[in-house]
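Below: the structure, in structure tokens.
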Amino acid sequence: MTAVGRTFRDSASTSLEFVSADRSSMRAAVRVGRELPVEECDVLPLTTGVFAGKVRKETSEGIEGDMAISFLSRLAIIREVARKIGSARPDRSSQARVFVMGLPGWGELGTVSDLNSERDTRS
């Protein structure tokens, strides 16, 4: 199993490989997607992102941070792994699958017309 993130807290585990990446960076997400060894995978789980912050923060690429980590980085990874996931599995009777899991935010409703959270809708 491979874990991707900034910090590896399970270094005592011998069954985990770690890929260091800042998932708020789209360049890093594309790199991770290209480098992940998914050719023999049956399932690729993309688990929790981050809890939405109470204050809007932008990444160095100008993207709202939670949107970058919890959605766009996953999309970038999926786009890169899509053509190769499961391609080397000996039993290809079923397709390899990607599961995307997430957490709810801070109880704030999102606004479809403002997915990058550039306007304050709390007032």
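The values are calculated or read from the model by the stated rules, or taken from the named source; none is laboratory data. Source: prediction; values computed, not measured. Cβ coordinates were reconstructed from backbone atoms using ideal geometry, including for glycine residues, and neighbour counts include every protein chain displayed. For the accessible areas, the whole protein counts, side chains as well, though only heavy atoms, and no ligand, DNA or RNA atoms are used. Shrake-Rupley method; radii C 1.70, N 1.55, O 1.52, S 1.80 Å.
Annotations for the structure displayed:
- Protection-proxy order for peptides 26-34, 71-79, each taking the mean of Cβ atoms within 10 Å per residue, highest first: 71-79, 26-34
- Annotation: amide H-H contacts under 5 Å for THR2 (H modelled 1.01 Å from N, sequence separation of 5 or more, or interchain): GLU17.
- Amide H to amide H, with H built 1.01 Å from N, ARG56 comes under 5 Å of no residue 5 or more places away or on another chain.
- Total formal charge among the other residues, if their Cβ is under 10 angstrom from that of SER25, Lys/Arg +1 and Asp/Glu -1: +1
- Backbone amide hydrogens, once placed in the peptide plane, bring LEU46 within less than 5 Å of PHE99, VAL100, MET101, excluding anything fewer than 5 places away on its chain.
- Solvent-accessible surface of segment 1-97, taken per residue with a 1.4 Å probe and all protein chains present: 65 Å².
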